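The values are calculated or read from the model by the stated rules, or taken from the named source; none is laboratory data. Just so we're clear, the structure is a prediction, and the values are computed from it rather than from any experiment. Reconstructed Cβ throughout: ideal geometry from the backbone, glycine too, with neighbour counts over all protein chains shown.
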């Protein structure tokens, strides 16, 4: 192989530089292509849902009940109400529990006791949602009617690790000096947490909750098993008495039905759900960025 | 040590200009009541002995200073006095630390109660992200001292020489104050709950000289009502402020570094006629 010295240029290529450069270019190209692919998939999904479902969007779509199967027109109002109620109840279960778990891990537990709890939380986070659905079904629904709050119970199990983990992150950001100052005044750890630590974390807790809500609103498998498959014509608020219709199940049933009118409604429902989740996600991230800027001022 | 240069030639060097130490009536200090008594106090972090065999008594309404090089256990010692080290994993003590004759680390002693009586001010001012009045009122409210809260706030701020500067902006955030003001606010916050003892861990080291001077003046006033223990790396500050001074140093042997109490005496004696050679080396600047 000709060396640079032989060709007279001290900064020319030496050894296998050309091959290394080729490999470098190839890897960089692959990495860039993979990133572009990820963005492209998101864009394709959003675009196709928007195009297919956009024709359905109207005020009446959001305010009317679906018609009998196969007929065109109508809307998904009962499903929107159902999703809102089920997710709200799930949040009411999951938020206090998730925050308390995070407070325990951050303020009260020793390293030894924290480890198994964090492990359990991580495992719970990875549990398949249908397994959680089966659990909720067996615990609450089995032998009885489908119930809306059973769906909330299952969604809460999905939300708790998410809320706990994001709360733990913001609790860790509070400087130890603040806790030291409160302890040095003869204030117990719980009152310190309540009065000094938590108020500094509210923004982060809210963000984590919104992200967990966005995740839970789209979960279909647990709702399939707990609230059942519904297509009522009347909007119901009775979450503790009956199963409630909801958007994910609606998308499922309308897609499986045969008439094009049903498929169109499914696309419309998918668009509504996707829009709700995208807005929640972007809003939560904007809030988190704002609160991070405030904390590091 | 910024002001006392170290000599590296190892030869016998004459001491630098003697420290200006105000003469004090030294008999007064030891005739007072004992607040803290340490008997063979050893502090461990896990298996490491951080501070060995401390025997000392701290007196009431007297300012006691802890001086010594970095890492010799001064802050560890002072934090042990109000159980602030409890949260550090592996921390344990052997020996006795008595507060008015009662073991601070005795069974059944609630660390929250200990800290109620023995307050602490930290090196870096750490006001709460609340208003100035809420900073001071937060702890008394929780401790049940709800009556006369406004008077309590004013009294604390006056005692900390901060009242005149903030009386018109009590509802503004404490984070808007300057460093020296924030530190005086932390002192006001600590004395608002009327503790018995105030521990100050290098209270002025993060401040400029003017603020430092005002903190030192404040300490002279505070010792009338409180017992003060201060940690300082600044010998001149100890000389200006304290009646009694304890010199801590590092004992490096068997590859282990352990803090030891070298000498504890009236300030004037410690600085002008120290008994131990290590003390003399330190106060004359032969090592820092």
Q. In segment B:128-137, what count of residues is obtained for those that are buried (at least 23 other Cβ atoms within 10 Å of the Cβ) and assigned to a helix (DSSP H, G or I)?
A. 3
(Q) I'd like to check something: does segment B:144-152 contain any residue that is surrounded by fewer than 14 Cβ atoms within 10 Å (Cβ to Cβ), farther than 22 Å from residue B:203 by Cα and at the interface with another protein chain (Cβ under 10 Å from one of its Cβ atoms)? (A) no
Q.
Among the listed residues B:168, B:196, identify the single one that is at pLDDT below 95, farther than 17 Å from residue A:178 by Cβ and within 13 Å of chain A (Cβ to nearest Cβ).
A. B:196
Q.
When the residues of segment B:238-249 are narrowed to those that are in a helix (DSSP H, G or I) and farther than 9 Å from residue B:67 by Cβ, which ends up nearest to the chain's Cα centre (by Cα)?
A. B:241
Q: Output the residues belonging to segment B:100-127 that are facing another protein chain (nearest Cβ under 9 Å), surrounded by 14 or more Cβ atoms within 10 Å (Cβ to Cβ) and free of Cβ contacts under 8 Å to residues at least 60 places away in the same chain.
A: B:111, B:112, B:114, B:115
Q.
I'd like the residue in segment A:156-182 that is crowded, with 22+ Cβ neighbours inside 10 Å and more than 30 Å from residue A:136 (Cα to Cα) and, out of all such residues, is farthest from the other protein chains (Cβ to nearest Cβ).
A. A:170
**Q.** Boolean, residue A:44 is surrounded by fewer than 11 Cβ atoms within 10 Å (Cβ to Cβ), modelled with pLDDT under 85 and part of a helix (DSSP H, G or I)
**A.** no
Q. Among the residues of segment B:60-69, is any buried (at least 19 other Cβ atoms within 10 Å of the Cβ), more than 9 Å from every other protein chain (Cβ to nearest Cβ), at pLDDT 90 or above and under 18 Å from residue B:194 (Cα atoms)?
A. yes
Q | Odd one out for residue A:200, checked against (1) over 30 Å from residue B:196 (Cα atoms); (2) within 14 Å of chain B (Cβ to nearest Cβ); (3) in contact with a helix residue (DSSP H, G or I) (Cβ under 7 Å, 6 or more places away or on another chain) | A | (3)
Q. Quick one: is residue A:110 within 21 Å of residue A:193 (Cβ to Cβ), surrounded by fewer than 22 Cβ atoms within 10 Å (Cβ to Cβ) and modelled with pLDDT under 90?
A. yes
Q: Could you identify the single residue in A:244, A:225 that is on the phi < 0 side of the Ramachandran plot, in a helix (DSSP H, G or I), touching a residue at least 12 places away in the same chain (Cβ under 8 Å) and out of contact with any strand residue (DSSP E or B) (no Cβ under 6 Å at 6 or more places or on another chain)?
A: A:225
Q: Restrict the check to segment A:256-270 and report whether at least one residue is within 16 Å of residue A:84 (Cβ to Cβ), in contact (Cβ under 8 Å) with a residue 24 or more places away in the chain and buried (at least 17 other Cβ atoms within 10 Å of the Cβ).
A: yes
**Q.** Sole exception among (1) more than 10 Å from chain B (Cβ to nearest Cβ); (2) in a helix (DSSP H, G or I) for residue A:219, by number
**A.** (2)
Q: Tell me, please, whether a residue that is within 14 Å of another protein chain (Cβ to nearest Cβ) and without any contact (Cβ under 8 Å) to a residue 24 or more places away in the chain can be found in segment A:121-143.
A: no
